[in-house]
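One structure is given below, encoded as structure tokens.
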Amino acid sequence: MKKHFNISIYGLVQGVFFRASAKEEADKLRISGFTKNMPDGSVYIEIEGRQDNLDKFVKWCNAGPMMARVEKVKATEGFLKNFKGFETY
């Protein structure tokens, strides 16, 4: 069954290829959605897919790419939007 997560990642997460790396991870896990930088310095992601793949993605978000310094990840379940593919904004 497909689920939807809203994720906010805080710390040193902008300017460290977090969004590009998130797209690579999402594509690998066959997750759809999007990622974008927020004005407060965080990265916001919405993802949809199978529960086990979403859990793997959230776990990845807690580390992020090599140059990132993740301080906090907030993930909440949301309503399905039926995204097609994964976009980076």
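Read the figures in this text as sums done on the coordinates, not as results from a lab. Quantities reported herein were computed from a predicted structural model and do not represent experimental measurements. Cβ placement follows ideal geometry from the backbone for every residue including glycine, while neighbour counts extend to all protein chains displayed.
Points worth noting:
- Check: the chain dipole with +1 on Lys, Arg Cβ and -1 on Asp, Glu Cβ, in debye: 140
- Phi-based couplings in Hz for region 43-49 (Karplus 6.51, -1.76, 1.60; Gly and Pro marked x): 10, 10, 9, 10, 9, 9, x
- Sites listed here are trypsin sites (Lys or Arg not before Pro) in region 26-89 whose DSSP assignment is loop and whose Cβ has at most 13 other Cβ atoms within 10 Å: Arg30, Lys81, Lys84.
- For the chain, adding -39500 (n - 2.57) for each run of n ≥ 4 DSSP H residues and dividing by the number of residues yields -7500 deg cm²/dmol at 222 nm.
- Answer label, with semi-axes √(5λ) of the Cα gyration tensor in Å calculated from the coordinates and candidates (i) 20, 12, 12; (ii) 34, 13, 8; (iii) 23, 14, 11: (i)
- Vicinal HN-Hα couplings computed from phi for region 5-17 (Karplus, 6.51 cos²θ - 1.76 cosθ + 1.60; Hz; Gly/Pro x): 10, 9, 10, 10, 10, 10, x, 8, 10, 10, x, 10, 6
- Distance from the C-alpha centroid of region 1-70 to that of region 71-89: 8 Å, rounded to the whole angstrom.
- The phi torsions of region 20-34, fed into the Karplus equation with coefficients 6.51, -1.76 and 1.60 and a -60° offset, translate into couplings of 5, 5, 5, 5, 4, 5, 4, 4, 4, 8, 6, 10, 10, x, 7 Hz, rounded to whole numbers, with Gly and Pro shown as x.
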